[in-house]
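Notes follow the structure.
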Amino acid sequence: MNEYLPRLVDALLQGYLAELPAVMLVGPRACGKTTTAARLAGSVVRLDSDAAAAFRIDADAALAGRPEPVLLDEWQLVPEVLGAVKRAVDTDRRPGRFVITGSARTDVGDRTWPGTGRVVLVNMHPLTVAEQRQQHVEPFIDRASADRLAPTGASPAFDLRDYLGLALRGGFPEPALQLGDATARAWLESYAHQIAMRDARAHGDAPDAARLGRYLEACAINSAGAPHHKTIYDAAGISRQTAVAYDSLLRELMVIDELPAWSSNRAKRLSRTPKRYVIDSGLLGGILRVGTDDVLASGDLIGRFVDTFVVAQLRAEAATSRTRYRLSHLRSADGRHEIDIVAELGGGRIIGIEVKASADVKRPDARHLRWLRDQLGDRFVAGVVLHSGPDIFELDDRILAAPISTLWS
């Protein structure tokens, strides 16, 4: 049996279950939800097995009398179970009764969802590099907000090839931790294929696998970009109506995600177009069927992979961050100013992050961060240019250059 690798959400889940009757853990398929949740469970119900039949017939009776906390795994396959949890919690609100996991966001945003006011949602993402290396560091945004980015000890040197290697491994536990390079690549390509062939068909109307595959690849080619939607669905050769349906499906399966456009009264005339991302940089490689040498041969792909990789680290840390930040991006309507990542803290305070897939960083690389600092004044907490070189150094007032490895070192 493999030793359990601690996850960022462990303490959060334990704390919630000590005070609340039900917690839902939501994340992409195979990101480690069941393994993490099972450690807290008194009994386990796998709703992707024969156990589902009893819950479809009479969910209340099937749920009653099980040792608590009861883990209900893959709830979206038997949505009736949520109604049973609602009724059980309404009857008895003792803490630590249910842990629910799901690989889709089905109905979670619906106002009539039965978990409202009864089930607290926790987002779980593929492994960060810090989790993979068991480096217990304070979340990057928390450190940046407190001016604590300087490393406390010697850190291994990484170059661009090393970062791309980490990005292409990604954060799904099996390929990231257990498989050799060739097998990991095959696993990720198979995951991408199964999205179109199997997982998507389990949600709503069965889509055309070939068309969905083309659309997914068009999304991947544009990962870390802010293209007009028409650019993507034209590239996939599908209609707008079909693309909207596929978009909804891929978000529900947590395969693609967005960084919304940031806005402010102090910085006007900003673009409202979101940036699109594949949820994991390893999965991005699987969809596009590329390796490190393929990416290094394309300047465009280098930037997209490094940006997707960085955002994946920050997205995963958000749930456990002291600053409770939200991620977005910034682009002025005229295209003169663009900032890859904006982390908004409480009180409207801002940390701006530029991602540069190069070791050669100079003062002009901070020009967009300087512009934002001058626009926001005291609301601008810090700016960071993340790069593939080895050093941390100051570029301007409240603006640093730092290695990408600062995210986990």
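Looking at Ala312, Ala359, which one is of a type outside the set (S, T, N, Q) and in a helix (DSSP H, G or I)? Outline the logic, then answer.
On the way: Ala359 fails: in a helix (DSSP H, G or I).
Checking each option against the conditions leaves just Ala312.
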Where residues in region 305-349 are over 27 Å from Leu288 (Cα atoms) and of a type in the set (Asp, Glu), which of them is nearest to the chain's Cα centre (by Cα)?
Glu344
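How many residues are of a type outside the set (D, E, K, R) and at pLDDT below 80 when one looks only at region 158-206?
In the first step, residues of region 158-206 are kept if they are of a type outside the set (D, E, K, R); the result is 158, 160, 163-168, 170-173, 175-180, 182-184, 186-188, 190-197, 200, 202-204, 206.
If we keep only those that are at pLDDT below 80 as well, we get 196-197, 200, 202-204, 206.
The qualifying residues number 7.
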If the requirement is being surrounded by 20 or more Cβ atoms within 10 Å (Cβ to Cβ) and of a type outside the set (D, E, K, R), which of these qualifies: Ala51, Ala37?
Ala37
Per-region count, region 317-356, residues assigned to a strand (DSSP E or B), at pLDDT below 95 and among the hydroxyl-bearing types (Ser, Thr, Tyr):
1
Residues of region 282-302 satisfying the condition of being in a helix (DSSP H, G or I) and either surrounded by 18 or more Cβ atoms within 10 Å (Cβ to Cβ) or of a type in the set (S, T, N, Q) (or both):
Gly282, Leu283, Leu284, Gly285, Gly286, Ile287, Leu288, Thr292, Val295, Leu301, Ile302
Can you say whether Glu344 is touching a residue at least 60 places away in the same chain (Cβ under 8 Å) and in contact with a Lys or Arg (Cβ under 6 Å, 6 or more places away or on another chain), as far as the supplied structure shows?
yes
Taking Ser281, is it assigned by TED's automatic domain parsing to the domain that holds Ile195 and out of contact with any Gly (no Cβ under 7 Å at 6 or more places or on another chain)?
no
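Somewhere in region 113-130, is a residue assigned to a helix (DSSP H, G or I) and either under 30 Å from Ser405 (Cα atoms) or at pLDDT 95 or above (or both)?
In the first step, residues of region 113-130 are kept if they are assigned to a helix (DSSP H, G or I); the result is 129-130.
From what is left, the residues that are either under 30 Å from Ser405 (Cα atoms) or at pLDDT 95 or above (or both) are 129-130.
The answer is yes, given that some residue of region 113-130 is assigned to a helix (DSSP H, G or I) and either under 30 Å from Ser405 (Cα atoms) or at pLDDT 95 or above (or both).
The values are calculated or read from the model by the stated rules, or taken from the named source; none is laboratory data. These numbers come from a predicted model, not from an experiment. In this analysis, Cβ positions are derived from the backbone assuming ideal geometry, glycine residues included, and neighbour counts consider all displayed protein chains.
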